[in-house]
Amino acid sequence: VRLTQRFYLAEIVEGIVITSGHFFRNMGKHIAHALGRRDARGAVTIQYPEERRPYSPRLRSLHRLVRREDGSPRCVACMMCETVCPAHCIYIVATEHPNPEIEKMPERFDIDLGKCVFCGYCVEACPEDAIRMDTGILEFSSYSRRGMIYTRDVLLSLEPVGADGRPASPVPIPASRTV
Amino acid sequence: VILDVGIVFGRVFFVIMFVLNLGGLLGWVERKQSAIMQDRIGANRASILGFRVMGLFHPIADAIKLLTKEDFRPARADRFLFTLAPFVSVFFGLVAFASIPFGDTLRLAGREIPLQAITLNVGVLYVFAMLSLGVYGVMMAGWASANNYALLGGQRAAALMISSEIAIGASIVGVIMIYGSLNMQDIVRGQGQLLFGWLPAWGIVTQPLAFILFLTAGIAATKRAPFDTPEGESEIIGYFVEYSGMTTALFLGGWQVPWLVADGFHFPGGAIVALPHLAVVLLQVGAFVVKVSVMIFVMMLVRWTLPRFRYDQAMRLGWLGLFPLSILNIVLTGAALLLFGGRPS
C-alpha cells in the first residue's frame, strides 16, 4: 500500500475530483439543455416509456401468427412447433381449411407465455414460416396465469415491428384474460 | 411583554421552520445531486396536475407514502421505548439548533433581537450535549425492537457516535481557545476580524486541522456514508429494519438534521459591509444559508464518493486517527497562542 493510500486524505481528494468533475460537467449540460441546446445530454438515462432504445433485429419478442391473403392463418397445424417446444407452452387443435388446396389449419393455437422460454425453436421448426417472434412487443403481463395464455385470434392480429423499431401493434389483451 | 413573547416565539418558529423545511428539501437535493454525479437523471416522475418541476414533489409524495403506511410493531417489542425512540432522536436533533446563531443582533424599533433561538453563554457545550443525547434514541430503537440485528445496529451506532464525538469535542477545543468563548455568538463575532489586515479570521483559517477533523468526525457522528456501518445494508439490515411509516420519516429526519449543525456551526457569521442595518442582517442570514448549503454540497459529495468504512476501520479512524490528531491540535494551538501572543480578538 502506497503511503498516500495509507494516509487516505489524498485519495479522498482524488476521488472527489472525479465525482465533482462528473457533477459539474453534467450540470453544465443539463443547464445547456434547459436553455435550448437539445443535443446536450447530461445523463445517459433513457426515459423508458417515452423513449426506447433501439432493439436488435434479431430480438425474440412476442410471437405472432402470419396470415394468408384471405386472412386465414398460414399455419397448417403440423404440430412441429408444439413438438419441438421445450417448455410445452404451445397447444394446437387442427381443423379443416375451407380451401380444399390447403390441408389443415389450427382451430385453436394457444401459447402460454407464462411458460414460454423465448428460445425461438417454434420459429425455427415451422415449415410454413407461419410463426414469427418479430412483433417487438415485450410488455405483456397479467394478474393471473390464465391471462398469460394468448389465443389464435390475438396472435393472428399482431403486426411485425415497425421500421422505427417501435411495435406496430399495441400490447394485446388476450381473450382469455379474466381480470 | 406580549411583544417580547412574540419575538421569542418568532425566533424559535424561524429556526424550526428553517430546519424542518430544509430537511425535507435535502432529500430532493441528495437524490438529484447523486444522480447528476452518476450520469443519471434522478427521481422526476411525481407530478401535480402534470407539473413535475424536476421532481420537487417527491419529498411530498414520500411524506404521504410514509404517513399512510402501516405502522408495524413487532410482537415482542417494548411498546413504550419503541414508540419513544424516534421522538427522542428527532427532539435532540432539533433542539440542538436552538443556539446556532444565524445572524448578528437585529435592532428594530429600539429593541435588540439576537438572531438565535436561545442566547446561551455556553452554547457550544449545549449543542454537543444535545447531539450526544441523540444517541439514546438510536440505542433505544435498537433495544426496543427485540431483534438481534436491530440491537447490533443500535450498538454500532452508539459506538460510532461515541468514538466520533470525542474527536468533535477535542477538535472544537482549539476553536474555543482561539476565540476565548463558549458563546456561539461571540465565536462568530470573533471570526469577523481580519488576520494580517485581509484574511478573515474564520475558523477554517485559524484552525485548519481542527476543521478537517471536525468535518470528518461530524460526518461520522451523523452516521452517513462512508460511516453508515450501523445500517450496513450489505452486512446487517440494522435498526431501520422494524421502523416503518412515520417513525422511518422521523428517523430519516433524525440523521439529516444533525449534520446541518456540523455545517452551520463551522461557518457561521459573515462580513460587515457599510449597509443599512436591516440589509446587513439579511446579508448575514443569507451568508449563513449559503455557507450551510456549500457544506451540505461537500458532505453529499463525500457521501456519494467514498465507499463505506468497515466497522473496525471506522473505529480505528475515530480512536487512533481523529482523536490523537485533535489532541495534537490542542497542543499546537496552545503553543501558537503562547508564541505569537494572545488571541486575534
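What accessible area, summed over both chains, is buried at the A-B interface (1.4 Å probe, Å², nearest 100)? For chain A against chain B, roughly 1500 Å² becomes buried. The mean number of Cβ atoms from other chains found within 10 Å of a Cβ in peptide A:29-35 is 1, as a whole number. Residue-normalised convex hull volume from the C-alpha trace of segment A:3-96: 244 Å³ per residue. Pick from A:PRO73, A:PRO100, A:PRO57: which residue has the top mean-square fluctuation in a GNM of chain A where Cα pairs under 10 Å get a spring? Per the Cα network of chain A with a 10 Å cutoff, A:PRO100 tops the list. Volume per residue of the convex hull around the Cα atoms, evaluated for segment A:61-179, comes out as 104 Å³.
Helix A:9-34 axis versus longest C-alpha principal axis of chain A: approximately 60°, rounded to the nearest ten. With all pairs of separate Cα atoms included, segment A:119-179 yields a Kirkwood hydrodynamic radius of 12.8 Å. Less than 5 angstrom separates the built amide H of A:LYS104 from those of A:HIS97, all sequence-distant by 5 or more or on a different chain.
Entry comment: accessible area of segment A:57-102 is 61 Å² per residue, from protein heavy atoms only and a probe of 1.4 Å. In segment B:23-65, burial by the other protein chains removes 50 Å² or more of accessible area from B:ILE36, B:MET37, B:ASP39, B:ILE41, B:ARG45, compared with the chain on its own (1.4 Å probe, ligands and nucleic acids ignored).
The values are calculated or read from the model by the stated rules, or taken from the named source; none is laboratory data. Treat the numbers as computed from the prediction; the structure is a model and nothing was measured. Ideal geometry is used to build each Cβ from the backbone, glycine not excepted, and the neighbour counts take in all protein chains shown. Calculation scope for accessible area: heavy atoms of the full protein, side chains included, ligands and nucleic acids excluded. Shrake-Rupley method; radii C 1.70, N 1.55, O 1.52, S 1.80 Å.
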